[in-house]
Structure formats: C-alpha cells, structure tokens
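Structure first, commentary second.
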Amino acid sequence: MTLQQLEYVIALDTYRHFVTAAEKCFVTQPTITIQVKKLEDEIGFLIFDKSKFPLKPTDLGEMFLQKSKVILGEVRDLKNMVSIELDNLEGEYRLAVLPTISPYLIPLISGAFAQKYPNTILKIQEMESDQIILALQKKEIDIGILVTPLNEPFIREVKLYNEPFIFYGQKNYFPTLKKSIAVAEIETLDNIWLLEKGHCFRNQVLNICGNVESTKTIQFQSGSIEALKKMVDNYGGFTLVPEMAIDANDSGTIIQFTDPKPIREVSLVTHHSFSKDVLLDALRLEILDKTPDEFVKNERFIKINWR
C-alpha cells in the first residue's frame, strides 16, 4: 500500500471516472487502473463497484476512502510542518496562563518578546488549570503555562522552572526573628488565608498545610494572591505564596522554607499535535532568562502536586 495508491482511489472517488481521475493525477488511465487493482488485491476487497456508472464505492470501500483521506490529510500536515512553517514564528497564537502565574511572569517577558518577535502576536488570557486542559483538548488555545505534572495523554509538557513556596505572615507574626520554617511547623499554626476553590494553588497549599484552619471571624477566600497578602497585612494570620509574588514593598513576615523546599513545577504545555517547537523554544528561553536562576538549578525540593 502506497500513498500514491491512496491518492488514486481518492481521485476516483472524487471524479467517479477512470479517465478523468487519471488526467487529474497526471497519469495514464492504465496506470491508475493497475494501481487500484493492486491495492484491492492487497487489502482483500473491492473499493469500487465497477459495474455501476458512474463508479460507486462499496460499503467497505467507503470506510477505506474515509480513512485514506484522514491519512493523506495528516501527511499534508506533516509536509507543512517540515517546510518553512516549522521555522516561522509569524502569526497569531493563543496563550493561556494560570492567574497565580500570569501577573508575575507575563509582565517580565512580554516587552522583550514583543521586541524580538514583532510579527508574532500572542493573545494571552488567564485560565484555571482545568480550563486550560479542556481548551487544549478542544484546540481552542495553542499553549498553556501552568503547574505540572498533568498526566494527560494528549498533552506535551515542557518544564520551565521550579518555584519555591514562601511563608507570608503579618508583620511580627513570630515573637522572635525567624530565618526559615519547616513544612511540619505549618501544621501547628492557625489563621491561614486561602485562594478560593477551583485554584490549583489552593490545593497545593492545602497539601502542604494539612489540616490548618482559620479561626478568624472573617472567612475570606480570594482569587488573588495579592488580595490574600493584603488581608494578612491588615487582619493577621498567614498565607503561602509563590516566590515571584514577593515584592520589595511587602511589609509582612517573609520566610523561606528549609530544605527540602516545597515547590511548584511550572511548564509550557501544548496538545501533542502542536508543531511550532520554534515558538515553544522562544517562549522557554525568554521565560528562563527572566526568572531567578535558582528556580531552574534547585535540585533539592518537594514537588507539590495539585491533582
């Protein structure tokens, strides 16, 4: 079975006439007749009922033709992929980013990326993890930036960095100066502020903190890490934030975790059918250039899953 034979039977299905199909394929009528006969002998059934005029596919032939069209379509896509499209960044691409990553990462990379690739348009929107996974499955977006692993068979993950979690408490949360904190200590504390349900970062924090609960009379759950920090500053308690959310102007108690530090793994994700590796590499290099070196080089950590 050859791709050329598939081209011939599809041409026959389109024009339902040997001579016309041969002309459209730029071959002689005997050539197309012989090749179709060879193919039918190989697969063991007739593709066309030649007693009909015009030609008509048999029931099995109809199924064979449909599959052949899919195969040839994939071959055409493959040829396009290895053509100039493979190295061409021009175009419009849809990028979805977690809300707990977007405000800290996207402003860092957007200016430089736009300067380097002026003909590449990134339409960026914030989405939760489950929404990104569904949008990738439906091919409604091209690329996602979120926390991995996802363990989805249709998704390709390109790891970017490991981002540590940071303890953020009200100013003077601890009576004495504390330079580091162990994960086990978190379970002995109370009055934690959490993101609202549906955020994978909330699930990660709960996986770290265990059964920590808040005894505050105000039970505030937000979709914004910055809002949680403000609640901590003004109402007490603590929260955990990703390291990139820490700002020089923050007034709270900021403490690193002891080794092995809890981290979240941040990756670029695409559908397996996405072929623009050149775009993935451009984004990856820009992101790694703008994020702290220790995010990538840190080898001792506890990866916190969210699923």
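Extension gain for Glu74 to Leu89 (0.36 nm times residue separation, less C-alpha to C-alpha distance): 3.3 nm. Taking amide H positions as modeled 1.01 Å from N, with prolines and chain starts lacking one, the residues under 5 Å from Tyr161 and 5 or more places away or on another chain are Val266. Separation of segment 123-202 and segment 43-61, taken as the distance between their Cα centroids, equals 58 angstrom. In order along segment 35-42, the Karplus-derived 3J(HN,Hα) couplings, from 6.51 cos²θ - 1.76 cosθ + 1.60 at θ = phi - 60°, round to 5, 5, 4, 4, 5, 5, 5, 5 Hz, and Gly and Pro are given as x. For segment 282-295, the Karplus equation 6.51 cos²θ - 1.76 cosθ + 1.60, evaluated at θ = phi - 60°, returns couplings of 5, 5, 4, 5, 5, 5, 5, 5, 9, 9, x, 4, 5, 4 Hz by residue, with Gly and Pro reported as x.
Counting other Cβ atoms within 10 Å as a rough exposure proxy, the listed residues Thr58, Thr100, Thr291 run Thr58, Thr291, Thr100 from fewest neighbours to most. Its Cα gyration tensor gives the chain an equivalent ellipsoid, and the semi-axes of that ellipsoid, as √(5λ) in whole Å with the largest first, are 59, 20, 15.
Would you list Val158, Val97 from fewest to most Cβ contacts within 10 Å?
On the way: Val158 16, Val97 20.
Fewest-to-most ranking of Val158, Val97: Val158, Val97.
When each of Leu177, Leu60, Leu55, Leu268 is scored by the number of other beta-carbon atoms lying within 10 Å, the sequence from fewest to most is Leu177, Leu60, Leu55, Leu268.
Scalar couplings 3J(HN,Hα) for segment 99-110, obtained by applying the Karplus form with A = 6.51, B = -1.76, C = 1.60 to θ = phi - 60°, are x, 8, 10, 3, x, 9, 9, 4, x, 6, 9, 5 Hz; x denotes Gly and Pro. Evaluated at q = 0.14, 0.18 Å⁻¹, a Debye calculation over the C-alpha positions of segment 3-82 (equal weights, vacuum) places log10 I(q)/I(0) at -0.44, -0.71.
Read the figures in this text as sums done on the coordinates, not as results from a lab. Only a predicted model underlies this, so the values are computations on that prediction, with no experimental measurement involved. Ideal geometry is used to build each Cβ from the backbone, glycine not excepted, and the neighbour counts take in all protein chains shown.
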